[in-house]
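The values are calculated or read from the model by the stated rules, or taken from the named source; none is laboratory data. Everything quoted here is computed from the prediction, not taken from an experiment. Here the Cβ positions follow ideal geometry from the backbone for every residue, glycine too, while neighbour counts run over all protein chains shown.
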Amino acid sequence: MRTHWLHLGPFLLATLCAGVACETGTEPPAPLNCPDGFAEEDGGCVEQPRDPLVVFEGDLHLASTADASNFCAEYNAVLGDVTMEPSLSSVDGLACLRQVAGDLRIEEIGSITEFVLPELTWVGGELAIQVTAPGVDEVGLPSLSGVGEGLTVHFTELKRLSLPALQSVEGHFSLYANNFLSEVDLSSLEQVGDEELTTDSVFYVRLNQALTKLELPSLRQVAGVLKVSSNRTMTELSMPALERTGWGLYISYCESLESYTVPIQEVGGFVYLANSYVTAISLPELSLIEGDLNVIFNNDLSELSMDALEVVEGNVVFQANHSLTEAAIDAVLDGVEVVGTIRREDNGG
Amino acid sequence: MVMRLLRALFGLSLVFHLVAYGECGGEPPDDFVCPDGTVMNDAGHCLLPPEDVIRLDEEPPAGCEDPPPPPTPLTDCAATFEGDPHFETEAQMAEFCESYECVRGGVTIGGTEKLDDIEPNTEITTLAPLACLRTSRFLVVTQTQNLTHIDLPNYEQSDGGFNIIVNQNIEEVSLPALKSIGGDLSVQLNEELTSVSMPVLEQVGEFFLIRGNPELPTSEAWALRDQLCPDAVGASTTIAGNGPN
């Protein structure tokens, strides 16, 4: 019985508090849990002014932890490139780094085991995370919100990539041939390429053999081709906010993928769908394909939904979809204006 | 008595946590307004405007103002093979060149794919009998053991990838006519490779990868990359794990 009181007592008191003290304002306001960099002001969390940028003008070569510490003693930004020598054993001393106007190349860093730059918000050139030597399991850039020229992650041993604040990559984004990568946080990524949708900014997620899940909850636009391909163990693909790609949509050779839904509305170039074991594909809001529509080599595909499709400005190819009936293809193409030719071969009966 | 006191303290502690962080704590008041110059986000926190970013003010090199247009398949081939030829011997190459100069599909040269492995090729010592070849959907040279030079003097265009991967004794790659690669340029894991020459190469549609060739000077790999305009590589450039300059 005493034990019951131990549990019920706080519950009753808390209920009293919630029902009486908080509503009547007789208790002092509760403290807020403000994030780092914020302070409580007038009952809310307000971001505090940052230290001004102090820019090192030139390229920064880091060969030792002392080089990193010396840099941070005076600066927090680089108007040039940042490169690291294999002799650099830790990037802890580079925690101050906030912006790089040129390239940041994380390559050949065999002696580093943890790569986290907590303050980095911007890389204007190429952010290249491509290491051949083993050692680093995780790359974490928790504050990175933008990349200019391009972002490459091509890192044989990497297991976890954490870029939770990344919102835009102005150039290309290549997540490519990471054999052990199993966890990717790109939860804030909205855009690859520019707003004008110039077509040379591609987003490739290719040949990541351990990546079972790709979630891009905020991705709206890719200016060039979006290619999700040859990720052999991928079972989940989620892009619930995707509206448009400027030059193509390519989902192929992810041989463990069984179904996916993408609410994309327009594709500026071609659509290429080829996954041997996928059974259901839904592109329910897709209305315009400015190039070709290719649905090929989906051996198990039996449900294909493109109910909003109105125009294909190129050719249409349905080939070697052995479980997709001709009636199902008829239903997809019913009422669709196809400017080019239609080819249907070797599909289901 | 002590136990009762401890229980009471424990209970009060829980109450404090509920008040401080539970339903009746941790939220800004309803009439809270962010200070001037800040904007409230979804979490109810007031954010400063984003910091201005620093950029390099670089002009593209002369002649590189616009990205190159995508290549179109060659249309002036005298004869085009429609399939995906695989060459394991020089005799096969010679036979091919008696009738064709272009390939609609992909060309593979070297090792033979088995069920779960690739059997290295020891037959091929030269690609001279394939000198006729001008274009293909892709081209792969892999798992050769006795080939020392890749020399395809008339090869102009790969509509997809161009891959030279895992060749034990290749020392030199010479593609004097190769102008465009639609997919990846991939030169990887060739232990004896010392030189790659593609003097008229203008564009690579996807990835530019020169990696893991320990005898190839890194500077030579970068020289090939720098011969292309900055925007002439569609995806990323990886030059790593090659030899010293």
- Query: Listed residues A:340, A:314; which is surrounded by fewer than 16 Cβ atoms within 10 Å (Cβ to Cβ), among the small types (Gly, Ala, Ser) and under 18 Å from residue A:248 (Cα atoms)?
  - Reply: A:340
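So that you can scan it fast, the table gives a plain yes or no per residue for (1) more than 12 Å from chain A (Cβ to nearest Cβ); (2) touching a residue at least 60 places away in the same chain (Cβ under 8 Å); (3) small (Gly, Ala, Ser):
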position: B:199; (1), (2), (3): yes, no, no
position: B:205; (1), (2), (3): no, yes, yes
position: B:209; (1), (2), (3): no, no, no
position: B:218; (1), (2), (3): no, no, no
position: B:233; (1), (2), (3): no, no, no
position: B:245; (1), (2), (3): yes, no, no
- Would you check which residues across the stretch B:214-236 are under 24 Å from residue B:169 (Cβ atoms), charged (D, E, K, R) and assigned to a helix (DSSP H, G or I) and list them? B:220
- Note on the structure: Filter the stretch B:31-77 for residues that are more than 10 Å from chain A (Cβ to nearest Cβ) and of a type in the set (Val, Ile, Thr); the one that is farthest from residue A:170 (Cα to Cα) is B:75
- So residue B:32, is it under 34 Å from the mean Cα position of the chain (by Cα), modelled with pLDDT of 80 or more, of a type in the set (Phe, Trp, Tyr) and not in a strand (DSSP E or B): no
- Task: Please give the strands (runs of 3 or more DSSP E) falling wholly within the stretch B:82-152 in which 1 or more residues are touching a residue at least 40 places away in the same chain (Cβ under 8 Å).
- Result: B:106-110, B:138-142
- Residue selected from the stretch B:220-231 under the condition under 20 Å from residue B:156 (Cβ atoms) and among the aliphatic types (A, V, I, L, M), by the criterion nearest to the other protein chains (Cβ to nearest Cβ): B:228
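Select from the stretch B:44-75 the residues that are polar (S, T, N, Q) and either under 24 Å from the mean Cα position of the chain (by Cα) or surrounded by 12 or more Cβ atoms within 10 Å (Cβ to Cβ) (or both) and list them in ascending order.
Within the stretch B:44-75, just B:72 meets the criteria.
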- Query: Residue check: is residue A:45 at the interface with another protein chain (Cβ under 8 Å from one of its Cβ atoms), under 29 Å from the mean Cα position of the chain (by Cα) and either at pLDDT below 90 or not in a strand (DSSP E or B) (or both)?
  - Reply: no
- Message: Only one of A:246, A:348, A:269, A:340 is of a type outside the set (Lys, Arg), modelled with pLDDT under 95 and farther than 22 Å from residue A:221 by Cβ. Can you tell me which?
- Response: A:348
- If you go through the stretch B:105-124 one residue at a time, do you hit one that is closer than 19 Å to residue B:205 by Cβ and surrounded by 21 or more Cβ atoms within 10 Å (Cβ to Cβ)? yes
- Task: Give me a count of the residues in the stretch A:260-286 that are among the small types (Gly, Ala, Ser) and touching a residue at least 40 places away in the same chain (Cβ under 8 Å).
- Result: 2
- Note on the structure: Condition set more than 9 Å from every other protein chain (Cβ to nearest Cβ) and assigned to a helix (DSSP H, G or I), scope the stretch A:20-42, selection modelled with the lowest pLDDT: answer is A:20
- Item | Selection from the stretch B:220-231 of residues that are closer than 21 Å to residue B:152 by Cβ and free of Cβ contacts under 8 Å to residues at least 24 places away in the same chain | B:223, B:225
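Residue by residue, here is whether (1) hydroxyl-bearing (Ser, Thr, Tyr); (2) surrounded by fewer than 19 Cβ atoms within 10 Å (Cβ to Cβ); (3) touching a Ser or Thr at 6+ places or on another chain (Cβ under 9 Å); (4) farther than 22 Å from residue A:85 by Cα holds:
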| site | (1), (2), (3), (4) |
| --- | --- |
| A:116 | no, yes, yes, no |
| A:120 | no, no, yes, no |
| A:126 | no, no, yes, no |
| A:140 | no, yes, yes, no |
| A:154 | no, no, yes, no |
| A:164 | no, yes, yes, yes |
| A:169 | no, no, yes, yes |
| A:176 | yes, no, yes, yes |
- Item | So residue A:209, is it under 17 Å from residue A:122 (Cβ atoms) and in contact with a Lys or Arg (Cβ under 9 Å, 6 or more places away or on another chain) | no
- Looking at A:271, A:332, A:311, A:295, which one is β-branched (Val, Ile, Thr) and more than 22 Å from residue A:225 (Cβ to Cβ)? A:332
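Which of the following residues is within 19 Å of the chain's Cα centre (by Cα) and free of Cβ contacts under 8 Å to residues at least 60 places away in the same chain: A:124, A:102?
Working: A:102 fails: within 19 Å of the chain's Cα centre (by Cα).
Among A:124, A:102, only A:124 is within 19 Å of the chain's Cα centre (by Cα) and free of Cβ contacts under 8 Å to residues at least 60 places away in the same chain.
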- Query: Can we say residue B:178 is under 21 Å from residue A:152 (Cα atoms), away from chain A (no Cβ under 13 Å) and in contact with a strand residue (DSSP E or B) (Cβ under 9 Å, 6 or more places away or on another chain)?
  - Reply: no
- Query: Out of A:72, A:96, which single residue is under 18 Å from residue A:141 (Cα atoms), at pLDDT 90 or above and surrounded by fewer than 19 Cβ atoms within 10 Å (Cβ to Cβ)?
  - Reply: A:72
